[in-house]
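**Student:** This is the structure, below, for whatever I ask next.
The values are calculated or read from the model by the stated rules, or taken from the named source; none is laboratory data. Treat the numbers as computed from the prediction; the structure is a model and nothing was measured. Neighbour counts run over all protein chains shown; Cβ positions are idealised from the backbone, glycine included. For the accessible areas, the whole protein counts, side chains as well, though only heavy atoms, and no ligand, DNA or RNA atoms are used. Shrake-Rupley method; radii C 1.70, N 1.55, O 1.52, S 1.80 Å.
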Amino acid sequence: MNILKFGGSSVGTPERVKQVIEIVKSKLPGEVAVVFSAFGGVTDQLIHCSQLALNGNLEYKAELAKLVDQHLNTVRELISISKQSGILAQVTIQFNALEDVLHGVYLVKERTPRTLDYIMSFGERISAYIISEAMREQDVDAQFLDARQVIRTDDQFGSAQVDFEITNKRIADHFHQHKKVQVVTGFIASSESGETTTLGRSGSDYTAAIVAGALKAESLEIWTDVDGILTANPKQVKKAFTVPELSYEEAMELSHFGAKVIFPSTMRPAMAYQIPIWIKNTFNPQARGTRISAQSTNGKLIKGISSIDTICLLNIQGSGMVGVVGVSMRLFGALAQAKVSVILISQASSEHSICLAVEQQQAAKAKKAIEKEFEYEISTKRIDGIELSDNLSIIALVGDGMKHHSGTSGKMFSALGKNGVNVVAIAQGSSERNISAVISRHDTAKALSALHDAFFLSNTKTIHLYLIGTGLIGKTLLQQIHQQLNKLLIANNLEIKLIGLTNSRKMLLHEDGITVDSAVQKLSEQGKEANLQEFQKTIIQFNLPNSICIDCTASEEVATCYEPLLAANVAVVAPNKKANSAAYDSYASIRKTVRDHGVQFLYETNVCAGLPVINTLNDLLLSGDSVQRIEAVLSGTLNYIFSSFTSDKRFSEVVAEAKALGYTEPDPRDDLSGVDVARKILILARETGLKIELSDVVVESLVPENCTGELSSDEFLKRLTLSDDHFEKLRSEAEHQQKKLRYQASLKDGKISVGLTAVESDHPFYSLSGSDNIIQFITTRYSDRPMVIRGPGAGAEVTAAGVFADIIRIGNNIR
């Protein structure tokens, strides 16, 4: 015997009912019984009608008329015209009886639990009757069975308790005498006196399990609107997938922590007789579904991640609890008397405190009950006042596989910690089947996604990107990411999702992701007016795990966003030098935020674009080396100018040429001023531990005095010709001494300077050409032969590549 149960969503329309009948027919000629819920939404409508009647609102009649029409139209859709009249009459009789009851509620303004159970019973009674007749129409030898005939309960209306001894005998006797396909009403039963009762939450599932247990069925199939039990709530975790196998205990734990597909009451009768339960999808009957049985065999450490929202935590602590016998008994006795259900308990081994989680709507009642019970201890300060924390959630890892398996909790809390999710309380049962943690409700979706990635997609790491700045570097970065997406996923198990991007004009954010190769076009077409503060706020509100904000601008305003983003555990990658060369207090504050939150701030491209300068310097320092001196050519623009400056070219001509080739800023004075070089050497100096300001850097500007002030680019170049003789004199003097001019940055003895220097022919900088950069580290270990790093120090391709490398570095450090 196989028992099938179909819920309201499965029979919500006549078309769906037809689909259900086909599923039932596919099970024949085997022995089958089918349990049905009311048509989708009908139970809620019946409760609503009764509430209107209770309130003296005649609108209940119109609502009832809608229900009558729905059910009569369903009969007309499912039953041939020649057979409709008797069935329509029977349905009408049922609704007339319901109307009489509602009219009574309207007159006496009273609706007892007994009456409400009777009103709700019409949903299942009418739906199961109609479907049984529709099955007969489709040549299924079906027979309607009102479960009130066979399931006996007490008179606890609303959630009646089953008398299994009587019920099991009645079901067995009935099925022995009736060999047709029994179409059973879910949810309802009857008391000893024959009054209609209901079985409470998920009552139709429970009905099916009761029938399965009484008949010792081969299997119980719960047909719903999902492909089985998923690893997590798909509304919160996009990558959730179906779990093929669960044990009864695992399913029980998941249902306790919010999984809505199956409920503990459903499993108890099946567990008693070791009947496997299948969770199947009515709308995808070919899907395997989830099998729940005594033994789970798919070998996964964790089977599911679930959560309960809207939780409050009550903390009871005080020295008067230590070593005192009976405190826990009094605490939970008081809560039981107040009818408060405790979801989670955590107690310190010192016995100094106990914290417990309850549903938010019960928090005030729980607090009051505890304060009353411990009134004396609170008044004498033996117990502190009861502390209540709200807006919390419980997340739970569930799986038999974690038993005796080390490292599960470490992996869990590592994943949460790296995403800035603070754990308020922890609980784990001695069965080692579940680890629960209380966290801020705001962090629930991020925590679930982070844990799901850690335990179910441990080979795949997902990072969520936000790009600020879609200029040349930003666009080049997007191109590089697009080219590498598949390779990174296949070779590095790294998935990159672009969630948002903005420039000075527009911004675009989408929590499900933006296609990388068309992102700039979509920004132009679909983006709304840019607002940096709103962009930053949305990044924090999305609260996605493994988020990285990339600043491809040169904006001081954008740099001010780093600290709040880092404080929200959003990593930052930036070629923008403004934050690291700002006032030292601001620089130090960002470092403190990084340390406090364990979040990454990478800026390799601050100095020399994609060259490995900052990482190399930090590696030297971390390994115990110390810096004696740094010498560097840090401006590709200035190096191009002085490499191209020869006797047959005047200085102003070389500058104009560099501008035409795009090597300079729109205003070449930004390069010639030396301030950009000063920022770069300042960043390196701070990496060595120096507390130094930009104003402490001695800067030799190459901008002549007559070229300062408000000037157009053409006017500047015209005035620069007046200084050609000065620069030619410097060049010729250097050439006469067999030297070359280089604009050099230097750090020595805690002092920084940048300026024009003539280097000897044996100096590493002498042979530098084009727009290359070069850095020379003279350290304790590299004193005789300094470490030299040389290569392109500017350009969109190499800068974007350096930014991309930082992104991948963060991705590789996720777990």
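**Student:** Please compute the alpha carbon radius of gyration of the stretch 58-108, then divide it by the globular-protein estimate 2.2 N^0.38 Å. Two decimals is fine.
**Tutor:** Against the compact-globule rule of thumb, the ratio is 1.29.
**Student:** Now for a different question. Cut-off under 24 Å on the C-alpha distance; same-chain residues fewer than 8 positions from Lys365 excluded. Which lysines are left, in chain and number order?
**Tutor:** Lys365 reaches Lys339, Lys381.
**Student:** Now a separate question. For the cross-link pairs Lys66/Lys179; Lys238/Lys461; Lys300/Lys461; Lys592/Lys680, which exceed 25 Å when the distance is taken from alpha carbon to alpha carbon?
**Tutor:** Lys66/Lys179
**Student:** Local charge sum around Glu710 (other residues, Cβ-Cβ under 12 Å, Lys/Arg +1, Asp/Glu -1)?
**Tutor:** -1
**Student:** Run the reach check for Lys18 against aspartates and glutamates, Cα to Cα strictly under 14 Å, same-chain hits fewer than 8 apart removed. What comes back?
**Tutor:** Partners found: Glu77, Glu133, Glu137, Asp139.
**Student:** Between Thr780 and Ala62, what is the label-to-label distance in nm when each label sits 7 Å out along the Cα-to-Cβ direction?
**Tutor:** Spacing of the two 7 Å Cα→Cβ label points: 8.7 nm.
**Student:** Which of the trypsin sites (Lys or Arg not before Pro) found in the stretch 300-345 are in a DSSP loop and have at most 11 neighbouring Cβ atoms, other than their own, within 10 Å?
**Tutor:** Taking the stretch 300-345 and a limit of 11 other Cβ atoms within 10 Å, the loop trypsin sites (Lys or Arg not before Pro) found are Lys339.
**Student:** At a 1.4 Å probe radius, which order do Tyr640, Tyr106, Tyr562 fall into by accessible area, largest first?
**Tutor:** Tyr106, Tyr640, Tyr562
**Student:** So for Glu715, Glu63, what's the accessible-area order with a 1.4 Å probe, most first?
**Tutor:** Glu715, Glu63
**Student:** Here is a follow-up. Please work out the FRET efficiency for the pair Leu472 and Ser409, using the Cβ-Cβ distance as r and a Förster radius of 51 Å; give the result to the nearest 0.05.
**Tutor:** 0.60
**Student:** Return the tail of the calculated pair distribution for the stretch 104-233, meaning the percent of Cα-Cα pairs more than 21 Å apart.
**Tutor:** Pairs farther apart than 21 Å: 46 percent.
**Student:** Given H placed 1.01 Å from N in the peptide plane, which residues other than close sequence neighbours of Gln156 have an amide H under 5 Å from its amide H?
**Tutor:** Gln161
**Student:** Calculate, in nm to one decimal, what Ser159 and Glu137 gain on full extension: separation in residues at 0.36 nm each, minus their alpha carbon distance.
**Tutor:** 4.4 nm
**Student:** In Å, what is the Rg of the alpha-carbon atoms in the stretch 3-71, and how long is Dmax?
**Tutor:** 15.8, 51
**Student:** Taking every DSSP beta bridge with both residues inside the chain, roughly what % is antiparallel (nearest 5)?
**Tutor:** Once the DSSP bridges in the chain are tallied, antiparallel ones form about 60 percent.
**Student:** What do you get for GluC sites (Glu not before Pro) in the stretch 721-815 restricted to DSSP loop and a cutoff of at most 12 other Cβ within 10 Å of the site's Cβ?
**Tutor:** Glu760
**Student:** Could I ask something else about it? Using just the C-alpha positions of the chain as equal point scatterers, what log10 of I(q)/I(0) does the Debye formula give at each q in 0.08 1/Å?
**Tutor:** -0.85
**Student:** Which values of log₁₀ I(q)/I(0), to two decimal places, follow from the Debye formula for the stretch 306-387 at q = 0.23, 0.25, 0.26 Å⁻¹ with a uniform point scatterer at every Cα?
**Tutor:** -1.12, -1.30, -1.39
**Student:** Something else about it: With r as the distance between the Cβ atoms of Ala588 and Lys748 and R0 = 22 Å, compute the FRET efficiency 1/(1 + (r/R0)^6) and round to 0.05.
**Tutor:** 0.40
**Student:** Further question: Excluding residues fewer than 8 places away in the same chain, name every one of the aspartates and glutamates whose C-alpha is closer than 18 Å to that of Lys729.
**Tutor:** Asp648, Glu653, Glu700, Glu705, Glu760
**Student:** A follow-up question, please. What is the distance in Å between the Cα centres of the stretch 690-744 and the stretch 189-266?
**Tutor:** The stretch 690-744 and the stretch 189-266 have Cα centres separated by 79 Å.
**Student:** Going from the alpha-carbon gyration tensor of the stretch 212-328, what semi-axes, largest first and in whole Å, does one get by taking the root of 5 times each eigenvalue?
**Tutor:** Largest first, the stretch 212-328 gives 33, 20, 12 Å.
**Student:** Quick one: if the Förster radius is 22 Å, what FRET efficiency do Ala97 and Asp44 give, using the C-beta to C-beta distance and rounding to 0.05?
**Tutor:** Efficiency computed from Cβ-Cβ geometry: 0.65.
**Student:** Measure nothing but the geometry: give the 0 to 90° angle between the long axis through the Cα atoms of 651-660 and the longest principal axis through the Cα atoms of the chain, rounded to 10°.
**Tutor:** Helix 651-660 sits at roughly 20 degrees to that axis.
**Student:** Shifting gears a bit: For the cross-link pairs Lys537/Lys659; Lys537/Lys577; Lys506/Lys578, which exceed 31 Å when the distance is taken from alpha carbon to alpha carbon?
**Tutor:** Violating the 31 Å Cα-Cα cut-off are Lys537/Lys659.
**Student:** For the Cα atoms of the chain, what angle does the longest principal axis make with the long axis of helix 203-215, in degrees from 0 to 90, nearest 10?
**Tutor:** Relative to the chain, helix 203-215 is tipped by roughly 60 degrees.
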